[in-house]
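Colleague: One structure coming up, written as structure tokens, with questions to follow.
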Amino acid sequence: MIILASHSPRRQELLKRIVPDFESHPASINERALPVLDPPAYVQSLAKAKGQSLVPSYPGATIIAADTMVAFQGKLLGKPHDRAEAKQMITALGGQTHQVYTGLWVRLDNGSVRQQVVTTDVTFWPLSEADVESYLAEDAYQDKAGAYGIQDAGALLVKSIQGDFYNVMGLPISTLYRMLLAEPQ
């Protein structure tokens, strides 16, 4: 049995590419209760907390947990609370390179645990006020870390990426696949 510690449709869609049969159960953790660390350590701590919260309910299962955050100049950019905050984020990212971090935590059915952080550099085109307003009019910023999703209208903002494209979507499936193989890394 494989459990994905998330109800995210995007993560489910991506996991199906490498694991056709799994169950999805959201983790019940208070993310605000965890200390805010530097971005890689923070996403790893969130993924670990999510995964560990499901171990008692699924002791013999393989559990996959992930957490993705956008960081710019060392500062985490979460999901915007409103359009104004989304505008600030997108404007700041225009013409700049930022990082997308995903912490992965996998507890295999044999009890061994694997953890990894995947980093992708994303560079946005320089953006005019009209570009930003046009993007915001799509409402694609809602419920997205950093106020964009590369798989939708946010793709028009992206000039280049260096690293794993699927990491920017929220689940670096290439790395996860290798973690699931249970081979030494």
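Colleague: Among (1) open to solvent by 10 Å² or more (accessible area, probe 1.4 Å); (2) over 19 Å from residue 154 (Cβ atoms), which single condition is residue 61 missing?
Modeller: Answer for residue 61: the failing condition is (1).
Colleague: Please report, ordered by residue number, the strands (runs of 3 or more DSSP E) entirely within region 1-111 with at least 1 residues that are at pLDDT 95 or above and not charged (D, E, K, R).
Modeller: Values: elements: 2-4, 62-72, 75-77, 97-107.
Counting at least 1 such residues, we get 2-4, 62-72, 97-107.
Colleague: For region 149-174, what are the residues that are part of a loop (DSSP other than H, G, I, E, B), over 12 Å from the mean Cα position of the chain (by Cα) and modelled with pLDDT under 95?
Modeller: 151, 152
Colleague: Can you confirm whether region 84-98 contains a residue that is of a type in the set (Lys, Arg) and over 19 Å from the mean Cα position of the chain (by Cα)?
Modeller: Taking region 84-98 first, the residues of a type in the set (Lys, Arg) are 87.
Filter again for over 19 Å from the mean Cα position of the chain (by Cα), leaving 87.
Within region 84-98, one or more residues are of a type in the set (Lys, Arg) and over 19 Å from the mean Cα position of the chain (by Cα).
Colleague: Answer yes or no: is there a residue in region 124-145 that is closer than 21 Å to residue 12 by Cα, among the polar types (S, T, N, Q) and open to solvent by 40 Å² or more (accessible area, probe 1.4 Å).
Modeller: yes
Colleague: May I pose another question? In the list 85, 23, 13, which residue meets the criterion of being of a type in the set (D, E, K, R) and either at positive phi or touching a residue at least 60 places away in the same chain (Cβ under 8 Å) (or both)? Lay out the reasoning, then the answer.
Modeller: Working: 23 fails: either at positive phi or touching a residue at least 60 places away in the same chain (Cβ under 8 Å) (or both); 13 fails: either at positive phi or touching a residue at least 60 places away in the same chain (Cβ under 8 Å) (or both).
The conditions single out 85.
Colleague: May I ask you to say which residue of 121, 143, 139, 131 is part of a strand (DSSP E or B), acidic (Asp, Glu) and either over 17 Å from residue 4 (Cα atoms) or touching a strand residue (DSSP E or B) at 6+ places or on another chain (Cβ under 9 Å) (or both)?
Modeller: On the way: 143 fails: part of a strand (DSSP E or B); 139 fails: part of a strand (DSSP E or B); 131 fails: part of a strand (DSSP E or B).
Of the residues listed, the single one that is part of a strand (DSSP E or B), acidic (Asp, Glu) and either over 17 Å from residue 4 (Cα atoms) or touching a strand residue (DSSP E or B) at 6+ places or on another chain (Cβ under 9 Å) (or both) is 121.
Colleague: Taking region 146-168, which residues are surrounded by 21 or more Cβ atoms within 10 Å (Cβ to Cβ) and either without any contact (Cβ under 8 Å) to a residue 12 or more places away in the chain or of a type outside the set (S, T, N, Q) (or both)?
Modeller: Across region 146-168, the qualifying residues are 146, 147, 148, 150, 154, 157, 166, 168.
The values are calculated or read from the model by the stated rules, or taken from the named source; none is laboratory data. Here the structure is a predicted model, which means the values were calculated and not measured. All Cβ positions, even for glycine, are placed from backbone atoms using ideal geometry, and neighbour counts span all protein chains on display. The accessibility values were calculated without ligands, DNA or RNA, using every heavy atom of the protein model including side chains. Shrake-Rupley method; radii C 1.70, N 1.55, O 1.52, S 1.80 Å.
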